[in-house]
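The values are calculated or read from the model by the stated rules, or taken from the named source; none is laboratory data. Just so it is clear, the model here is predicted, and its values are computed rather than measured. Neighbour counts are summed over all protein chains in view; Cβ atoms, including those assigned to glycine, are modelled from backbone coordinates with ideal geometry. The accessibility values were calculated without ligands, DNA or RNA, using every heavy atom of the protein model including side chains. Shrake-Rupley method; radii C 1.70, N 1.55, O 1.52, S 1.80 Å.
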Amino acid sequence: MGENLPLTGFRVLSAEQYGAGPYGTMHLAQMGADVIKIEPPHKNGKSGGDTARAVGPHFLRDGESLYFQSFNYNKRSLTLDLRSEKGQAIFRRLAKDSHAVANNMRGDLPEKLGLTYAALREVNPAIVCAHLSAYGRDNARAKWPGYDYLMQAEAGYCQITGEPGGEPQRMGLSMVDFMTGTIMTIGLLAALLDAQRSGRGRDVDTDLYSAGLHQTSYPALWYMNEGDETERTPRSAHPTATPSQMFKAQDGWMFVMCQLPKFWDILCERIGRTDLLEDERFTSNADRLANRAVLTELLDAHFQTQPMAHWQELLGGHVPVAPVYELGDALDNPWAETVGMRQTIAHPDRARMETLASPIRIDGERPQNRAAPLLGADTDAILAEAGYGDHEIVALHAEGVV
């Protein structure tokens, strides 16, 4: 399938590290793009590479982490000192024959390191330069470092997550990182599409703060237009649709979502509680919302008579329902295997490495993962492709440029 992937033949240089940027470019690599991951070389006794390579607690070899694997499938690794004159010369030679440059550096660094369209258009007028930073490149916070958790705090996520009256809570995963990486990729692909027809590249920017705030979506419009501030709800309930929340089954929790009136009717019929349809407290969604506490108590009592599997079998395909799994159960769920969301691949240090497959299907198939590269594993090959001779490559290694 590799030769038929939609981005085969496109090359992306990415000065990236940690999570958000690498997550975005990984999708490009999985769809066939030659994503060259630019990483700092070992220099003056300092370790090189993406800082994610050293994130524990689980490692393969020489500080190679499983965390790093999560965001870097199907890429090639080039060690390159972008702060050196010779490193810049190599980068510009590579950019001449590339289609895009991506980075997720601090907002003030892309210009300093020659990663902008203004810096590269002379060598490649069609180059697309995609930037992902914490707060953007053109404001007073450009030099500020920033991370997902900060964005969840400032964009309001922590105050609307958790049980009413409890402490502020962040989401269990770094979702702002993942959303922003995906948004960067959308911008890059849109600009790349235009560059293919116009011959002109451009800069495309996104940032963690903007992406995080954008995802407040409809609660944002409720507040900005009506002054209605969405608050926490018991059981992670939907702010308006009822019942749409977690309930207690006999052996654990499950999520039931009656987003549409018809699902309330079907729920009552399938669980044998048609009496609730005649109860004036629950006639309309507004009534159910006003009496959510008592409705929760009634449904809890009923659902606790049987285990989750019983209710999923009874309601699945009729009323939106899902068990509330722990992470291990979620990953061991046979359905994940059925739909092909788990892939086993080989790594130099582990013959069988379990990975999550791409969520994108192409011609009905999920692209095959390839293990993330060892630090600098492709440096010599990439330099040779750019026209550097063996002696030049040896010298560049000796000087610490690569």
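Per residue, how much accessible area does the chain show when a 1.4 Å probe rolls over the protein heavy atoms, in square angstrom? Please report the intermediate quantities before stating the final value.
On the way: 20660 Å² over 402 residues.
Accessible area per residue: 51 Å².
Is any helix in the chain, taking whole DSSP H runs, at least 27 angstrom long along its axis by alpha carbon and on average at least -0.5 on the Kyte-Doolittle scale, and which ones? Let's see the in-between values first.
On the way: long enough: 175-198 (34 Å, 0.98).
Going by DSSP H runs, the hits are 175-198.
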Practice item. For K262, list the lysines whose Cα falls under 27 Å from its own Cα; do not include residues on the same chain fewer than 8 positions away. Key: K248
Review point. Out of residues 5 or more away from G252 or on other chains, whose amide H comes under 5 Å of its own, with H placed 1.01 Å from N in the peptide plane?
Key: M308
Review point. So which residue, out of H27, H318, H131, gets the largest mean-square fluctuation from a GNM of the chain using Cα contacts under 10 Å as springs?
Key: H318
Revision key, fill the gap. Highest mean packing first, using Cβ neighbours within 10 angstrom, the peptides 158-166, 104-112 sort as 104-112, 158-166
Practice item. Specify which labelled value, from [x] 4, 21, 32, 27, 13, 2, 0; [y] 5, 23, 32, 24, 13, 3, 0; [z] 4, 18, 25, 22, 15, 9, 4, 1, 0, agrees with P(r) over Cα pairs in 10 Å bins from 0, in percent derived from the coordinates of the model shown. Key: [z]
Review point. Residue farthest toward the positive end of the dipole of the chain, with Cβ of Lys/Arg at +1 and Asp/Glu at -1: which of Y117, G212, Y23?
Key: Y117
Exercise for review: Have a look at S77, S244, S217 and tell me which one the Gaussian network model of the chain (Cα, springs below 10 Å) gives the largest fluctuation.
Suggested key: S217
Point to revise | Size-normalised alpha-carbon gyration radius of the range 244-324, reference 2.2 N^0.38 Å | key: 0.99
Revision key, fill the gap. Within the set H391, H347, H302, GNM on the chain using Cα springs under 10 Å gives the largest fluctuation to H391
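Roll a 1.4 angstrom probe over the protein heavy atoms and tell me the percent of accessible area of the range 244-324 that is carbon or sulfur. Before the final figure, lay out the partial values.
On the way: 2230 of 4240 Å².
Carbon plus sulfur share of accessible area: 53 percent.
Determine the relative contact order of the chain: mean sequence separation of Cα pairs under 8 Å and six or more apart, normalised by residue count, in whole percent.
Working: 715 pairs, mean separation 69.9, N = 402.
For the chain, the relative contact order is 17 percent.
How charged is the neighbourhood of T344? Take every other residue with its Cβ under 14 Å from the Cβ of T344, and add Lys/Arg as +1 and Asp/Glu as -1. If you can, show how the numbers build up before the last one.
Working: positive: R342, R350, R352, R366, R370; negative: E337, E354.
Around T344, the surrounding residues sum to +3.
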**Study point:** Residue (of M224, W144, G166) at the positive-pole extreme of the range 118-232, dipole from beta-carbon charges
**Key:** W144
Review point. Counting only protein heavy atoms and using a 1.4 Å probe, what share of the accessible area of the range 19-100 belongs to carbon plus sulfur, as a whole percent?
Key: 50
Check your understanding: To the nearest 20 debye, what is the magnitude of the charge dipole of the range 244-324 about its Cα centre, counting +1 on the Cβ of each Lys and Arg and -1 on the Cβ of each Asp and Glu?
Key -> 220
Check your understanding: With charges set only on the Cβ (+1 for Lys and Arg, -1 for Asp and Glu), what does the dipole of the chain come to about its Cα centre, in debye to the nearest 20?
Key -> 1080
